[in-house]
Amino acid sequence: MPDPADALSEHAVERLIAYRRHLRQRLMQGCDRIYSHDLAKPEGVTPAQVRRDLMTIGYTGSPARGYDAKGLITHISSLLDARSVGGFALVGVGHLGRAILDYLARQHPEYKVAAFDVNPDKAGGVTHGCRCYMLDEMKQVLTQQSMRVGIVTVPADAAQDAATRLVEAGVCGLLNFAPVRLRVPARVYVENVDIALRLEKVAFFALASRPKETQE
């Protein structure tokens, strides 16, 4: 039987993650049923898009009663969580790295996380409940803990080495915060988050949309 996950685009996966987050919020507010327009509005998509996404994963609702919130969360989770990543390996325990470790500890305590750094003063320590290791220990640690996703939070000149080590240790997905394009095998999925680029982009469009001052 075909895996419904194989039919999902990157954008569809992002929307499903967002739908699940919104559903959980509504469920906490005491709402046990939800309509497609309720999910569409926060994500800036149409109700028709929501219905198409849910039909793709084999879930349908009732035009009169909407969707069962708890049942939809369970269905989306069975799809998104089926491909277990085992845990996360973060390389670079600087300011950004520590912030991400703090977030994972608070928001996703169910995941195993290991951190790696070139600084021997950090190795052996614990940051936000996460043990830090030297880079040379990576392959052994990731093999033992079956971690499949890496997070790169090192400077640009160290990012490729970090990525290469992660891939050689068995990682098949990378979240890259370094402002460089990583050279990895085609089988490795990479999501780039260039914070500086995003800030410059926002600044450009913010200034472009600002009303021009009236010249006297």
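The values are calculated or read from the model by the stated rules, or taken from the named source; none is laboratory data. Being a predicted model, the structure only gives us computed values, none of them experimental. Backbone-built Cβ (ideal geometry, glycine too); neighbour counts: all protein chains shown.
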Check region 126-137 and report whether any residue there is β-branched (Val, Ile, Thr), in a strand (DSSP E or B) and buried (at least 18 other Cβ atoms within 10 Å of the Cβ). yes
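Quick grid of which residues meet (1) over 17 Å from the mean Cα position of the chain (by Cα); (2) of a type in the set (Asp, Glu); (3) closer than 15 Å to residue 75 by Cα:
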position	(1), (2), (3)
13	no, no, yes
18	no, no, yes
26	yes, no, no
31	yes, no, no
39	yes, no, no
44	yes, no, no
50	yes, no, yes
54	yes, no, yes
Check region 87-110 and report whether any residue there is touching a residue at least 60 places away in the same chain (Cβ under 8 Å) and surrounded by fewer than 15 Cβ atoms within 10 Å (Cβ to Cβ). yes
In the list 51, 21, which residue meets the criterion of being surrounded by 16 or more Cβ atoms within 10 Å (Cβ to Cβ), part of a helix (DSSP H, G or I) and not polar (S, T, N, Q)? 51
Scan region 94-117 and give yes if some residue there is more than 30 Å from residue 51 (Cα to Cα), in a loop (DSSP other than H, G, I, E, B) and under 14 Å from the mean Cα position of the chain (by Cα), otherwise no. yes
Can you find a residue that is touching a residue at least 12 places away in the same chain (Cβ under 8 Å), under 27 Å from residue 10 (Cα atoms) and assigned to a strand (DSSP E or B) anywhere in region 143-150? yes
Could we say that residue 206 is at pLDDT 95 or above, over 16 Å from residue 87 (Cα atoms) and not assigned by TED's automatic domain parsing to the domain that holds residue 10 here? no
Selected residue (only one of 153, 127, 164, 143 is of a type in the set (Ser, Thr, Tyr) and more than 16 Å from residue 92 (Cα to Cα)): 143
Among what's in region 141-165 and is out of contact with any strand residue (DSSP E or B) (no Cβ under 9 Å at 6 or more places or on another chain) and modelled with pLDDT under 95, pick the residue that is nearest to residue 183 (Cα to Cα). 143
